[in-house]
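For reference, the structure is listed below as structure tokens.
The values are calculated or read from the model by the stated rules, or taken from the named source; none is laboratory data. Keep in mind that what you see is a predicted model, and the values were worked out from it rather than measured. As a convention, Cβ positions derive from the backbone with ideal geometry for all residues, glycine included, and neighbour counts pool all protein chains shown.
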Amino acid sequence: MTHSTRVTISRQHSRPAAVILAALTLWFGGVGGACGEVYKSLDADGRWQFTDRPPPGSVPLPAAQPAAASHAPEVAVVDRDLAARLDPQQTATPIAHCRLAAVKIETWIGSGSGFFVTGDGLILTNRHVVRPPKDWRKQVDQRMEKAGELLAEVQRQLVTHSRRGNPAMYDRIAKWEQEASARYGEARHELDRLNSRLASANSFKIELKDGTKLTAELVGLSERQDLALLRLKGYNTPFIAPLNERGLRDAEKVYVIGSPLGKLDQISSGDYTGDVQGLLATNAKVQPGNSGGPMVTEDGKVVGIVTIKLSANADPEVDSGLGFAIPIKTALEEFSELRKGQ
């Protein structure tokens, strides 16, 4: 039997930006407030009915969710020697040292991972962490289209149904329709603004292992690979050296470090399972938000940059499947800044 598979990109935007969440509450949202839930169902004549009591087969419209909070303010750091501050006794084990060098990267539409690859603040990550993927706008437009269809259906119901049957319910839905129409128009405008910001952003908040937040600048984007290079200027940073002296051994133990699902400084372990079309495969757990983080060996050397997950399960948060990383050698070839001193 042939089983279908799905490639899930472990992207930083595992959750949409706050503005998109707010805009799309009209798709997922109810009438809000303390009014309770509104249910939608088809009657015997095939017409949509709305009620505040759950008839058999009804679909609840949950209450709107609040928009995500804005980014926390950057923490002022006087000490420029981050390597010494994060590991003052220099007693960290190889893997613990790698965790000191890993960072969380925040953007307008979510977060991903990265890591210092030099002592003067150069950070490797994925291109799709700092730039939206090519299909991002298409996916959001599709969601907006569905939101518009639902709004149009509610508007049709308001036209075809009389207020006499259930005045209170009719008024609540009419009020929701007015608010949703306004939000829908605002969402279209904000989406265009957000798309422009994403395409031109050159600075990004990064979060260190101890929670310190700083600003890194974009240095370069690879046109051929899913890679990007940032720099935290003016700091001495812990970094992960590349594995240059040898290649990975079959079934060698590897570790994936990053900030999956927005959780800072997470680590998973597994085996190197082979090379697949130029990517390093591992059965270590990879989830959305791991993108851009390092894959390292037990002796604390980076071998790759996590980029995608391949799974037969449609849910990218499920542990099953294989994670893939771009070889560190490829990154060194892509960015001349990294070849200095190699």
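Couple of notes before you dig in:
- Residue in region 83-109 that is nearest to the chain's Cα centre (by Cα), counting only those that are charged (D, E, K, R) and part of a helix (DSSP H, G or I): R99
- Any hit, region 190-200, residues being without any contact (Cβ under 8 Å) to a residue 12 or more places away in the chain and among the acidic types (D, E): yes
- For region 110-126, the candidate set comprises residues that are crowded, with 24+ Cβ neighbours inside 10 Å and part of a loop (DSSP other than H, G, I, E, B); within that set, the residue that is nearest to the chain's Cα centre (by Cα) is N126.
- Within region 213-235, none of the residues are touching a Gly at 6+ places or on another chain (Cβ under 7 Å), over 30 Å from D81 (Cβ atoms) and aromatic (F, W, Y).
Quick grid of which residues meet (1) modelled with pLDDT under 95; (2) among the aromatic types (F, W, Y):
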site: Y272; (1), (2): no, yes
site: T282; (1), (2): no, no
site: Q287; (1), (2): yes, no
site: G292; (1), (2): no, no
site: T297; (1), (2): no, no
site: I305; (1), (2): no, no
site: I308; (1), (2): yes, no
site: N313; (1), (2): yes, no
site: E317; (1), (2): yes, no
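- Checked against the criterion of being within 17 Å of V129 (Cα to Cα), assigned to a helix (DSSP H, G or I), at pLDDT below 80 and basic (K, R), region 175-197 has at least one qualifying residue.
- Number of the condition not met by R183 [criteria: (1) assigned by TED's automatic domain parsing to the domain that holds D87; (2) over 21 Å from the mean Cα position of the chain (by Cα)]: (1)
- Single condition R172 does not satisfy, out of (1) at pLDDT below 75; (2) in contact with a Cys (Cβ under 7 Å, 6 or more places away or on another chain); (3) not hydrophobic (A, V, I, L, M, F, W, C): (1)
- Filter result for the condition that a residue is of a type in the set (G, A, S), over 19 Å from the mean Cα position of the chain (by Cα) and surrounded by fewer than 20 Cβ atoms within 10 Å (Cβ to Cβ), over G211, G220: G220
- If you check E149, E179 for being in contact (Cβ under 8 Å) with a residue 12 or more places away in the chain and of a type in the set (D, E), only one passes: E179.
- When residues of region 131-176 are limited to those that are among the basic types (K, R) and over 30 Å from E223 (Cβ atoms), the one surrounded by the most Cβ atoms within 10 Å (Cβ to Cβ): R172
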